[in-house]
Amino acid sequence: MLNHLMMLYEDAFEKMKRGTKTIEIRLSDEKRRKVAVGDLITFRKSPKGQESLTVIVRDLYPRESFRQLFTDFNREELGFSYDKMEDALEEMGHIYSRTRERKEGVLGIRVQVVA
């Protein structure tokens, strides 16, 4: 079992802390491909990283695109409050480039807070 360290924007961090955001979504880059069910992830709240939250990985959902994740799961468990999928996709486009999304794919990580 590994413990991975990742940063998380404040809004998403608070939703995960409350238990309303249960799936973290990331590019399926080299770092995320090392994540396995049963691993721990320690999220640090961005931008300063002074507060942390540890979760256990319950399931992994590799997909080709963020659109597929937004189709397969409800917006609350993904941590989004948008009524339109296009608005959520636009926000993801500010974080990750479409080129990297197409090249690497994406990963949904179902988590449960442990500390």
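Looking only at residues of region 57-80 that are at pLDDT below 95 and of a type in the set (A, V, I, L, M), we find that the one that is nearest to the chain's Cα centre (by Cα) is Leu78.
Among the numbered conditions (1) surrounded by fewer than 13 Cβ atoms within 10 Å (Cβ to Cβ); (2) within 20 Å of Val35 (Cα to Cα); (3) not hydroxyl-bearing (Ser, Thr, Tyr), the only one that Arg98 does not meet is (2).
Out of region 8-46, which residues are part of a loop (DSSP other than H, G, I, E, B) and more than 17 Å from Tyr96 (Cα to Cα)?
Gly19, Thr20, Lys21, Thr22, Val35, Ala36, Val37, Gly38, Asp39
What number of residues within region 63-91 are of a type outside the set (Phe, Trp, Tyr) and closer than 12 Å to Glu24 by Cα? Count: 6. One residue stands out in region 38-79 among those that are of a type in the set (S, T, N, Q) and exposed (fewer than 13 other Cβ atoms within 10 Å of the Cβ): the one that is nearest to Gly105 (Cα to Cα), namely Thr71. Right, Ser65: among the small types (Gly, Ala, Ser) and without any contact (Cβ under 8 Å) to a residue 12 or more places away in the chain or not? Considered against the rule, which asks whether it is among the small types (Gly, Ala, Ser) and without any contact (Cβ under 8 Å) to a residue 12 or more places away in the chain, Ser65 comes out as no. For region 34-46, residues that are without any contact (Cβ under 8 Å) to a residue 24 or more places away in the chain and farther than 15 Å from Val114 by Cβ total 0.
For region 1-37: of the residues being of a type in the set (Ser, Thr, Tyr) and under 24 Å from Glu64 (Cα atoms), which is surrounded by the fewest Cβ atoms within 10 Å (Cβ to Cβ)?
Once the filter is applied, the top-ranked residue is Tyr9.
The values are calculated or read from the model by the stated rules, or taken from the named source; none is laboratory data. Just so you know, these numbers come straight off a predicted model, no measurement behind them. Counting neighbours? That spans all protein chains shown, and the Cβs are built from the backbone with ideal geometry, glycine included.
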